[in-house]
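Let me begin by presenting the structure, written as structure tokens, before commenting on it.
Where a number appears in this text, it was derived from the coordinates with a stated rule and is not lab data. Just so it is clear, the structure is predicted and the values come from calculations on it, not from any experiment. Positions of Cβ are generated from backbone atoms using ideal geometry, with glycine treated the same way; all protein chains shown enter the neighbour counts.
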Amino acid sequence: MTLASLFDGIGVWQLAAARAGITPLWSSEIDNTCCQITKRHFPNTIQLGDINLISDAPKVDIITAGSPCQNLSIAGRREGLHGEKSSLFFKAVELVRRLKPHFFIWENVTGVLTSNGRLDFKTVIEEILQEPVPLPRYFSNAGLVDGRLCQIAWRVLDAQFWGVPQRRKRIFLVADFATRRAAKILFEPTSLRRNSVQSKKSQCNLTSRITFGIGRDAFNQGKNAKFKPSIEQDLQPPLTARGAAAVATEKIIRRLTPLECERLQGLPDDWTAGFSDTQRYKALGNSMALPCASFILNSLRKEIVHLDSTPPLPTKIYRRHTKRIHA
């Protein structure tokens, strides 16, 4: 199986794919630092640059996309899906329609579930399905839509339950155009259990001296900061591209190191080495937790072992329906 990564960042989808036995074939990214990082780790991956300039690309089985979230995040102005940066989602869907992969995986902030009066996530689903869907009273943290062209399933994953000591909620959407197993990929019963034991053990990998994780906003207040460590012990708030958060030990308050940020994202040590701390903080803050990506691609690989031998879908019209599944 082969994979293409849009808005590739520092190659988390590529790393998850390689570990799952899936070949990363090409990627799209405009940040020079990120491109250099991924080129070092994946020299055989074709880098196609700006998604706006891609007119053609090799066909692949899987296309992943973590399109820019600045206009959807509750930390931003929330212009919505049609904001200048978040509207690049539509470019990704155009490529999906053109290249016709078996699977499309989309990752973004959970703010998309509520932005623009829930119309943004409704648009996401409709653009992928290429058919209208009703607007529900709310979108649950997990759900399923079965359309004529594909089956779509989505689920909110929090990195703290997947082996890293960081609170990082992201929505992951899987569209299956080939076998209609999106629900099985995301909602396999044995995988629904939160791995709290593994998460607690992984916290020791960061540093044995951490007491409380402190967000960057509080850290920027300097000597006059009034820290309110409402975060769980040995658990960090989400990393951001603005720079490192801080940790409060028994004796000092200090900034996280780039190495610790890599571990918070579940990445190998020194994955972003060779660049300034500022560049590394930005790249890591814009990235996602590797264990979440690995869970999805490992599950996909398990479900679709013999994809090429899968018989074609019957030529009938599938009745569209939605399900609310509470994670």
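Here are some notes:
- Close amide H pairs (under 5 Å, H built 1.01 Å from N) link ASN108 with ILE171, residues at least 5 positions away or on another chain.
- For PHE212, the residues whose amide H sits under 5 Å from its own are ASP234, ALA248, ignoring neighbours fewer than 5 places away on the same chain, with H placed 1.01 Å from N.
- Under the Karplus curve 6.51 cos²θ - 1.76 cosθ + 1.60, θ = phi - 60°, whole-Hz ³J(HN,Hα) for the stretch 8-19, x wherever Gly or Pro sits: 5, x, 9, x, 5, 5, 5, 5, 4, 5, 4, 6
- The residues neighbouring LEU259, those whose beta-carbon lies less than 13 Å from its own, together hold a net charge of -2 under the Lys/Arg +1, Asp/Glu -1 convention.
- Pairs exceeding 25 Å between alpha-carbon atoms, taken from LYS59/LYS169; LYS251/LYS282; LYS100/LYS302; LYS100/LYS169; LYS122/LYS169; LYS59/LYS91: LYS59/LYS169; LYS251/LYS282; LYS100/LYS169.
- Counting Lys and Arg as +1 and Asp and Glu as -1 over every other residue whose Cβ lies under 11 Å from the Cβ of CYS292, the net charge comes to +2.
- Under 5 Å between amide hydrogens, built in the peptide plane, is the criterion, and for THR2 it picks out THR23, ASP61, ILE62 among residues at least 5 positions away or on other chains.
- Each residue of the stretch 269-274 was assigned a 3J(HN,Hα) from its phi angle through the Karplus curve 6.51 cos²θ - 1.76 cosθ + 1.60 (θ = phi - 60°); the sequence is 4, 6, 4, 10, 4, x Hz, with glycine and proline shown as x.
- Loop-located trypsin sites (Lys or Arg not before Pro) in the stretch 246-279 whose Cβ has at most 12 other Cβ within 10 Å (DSSP): LYS251
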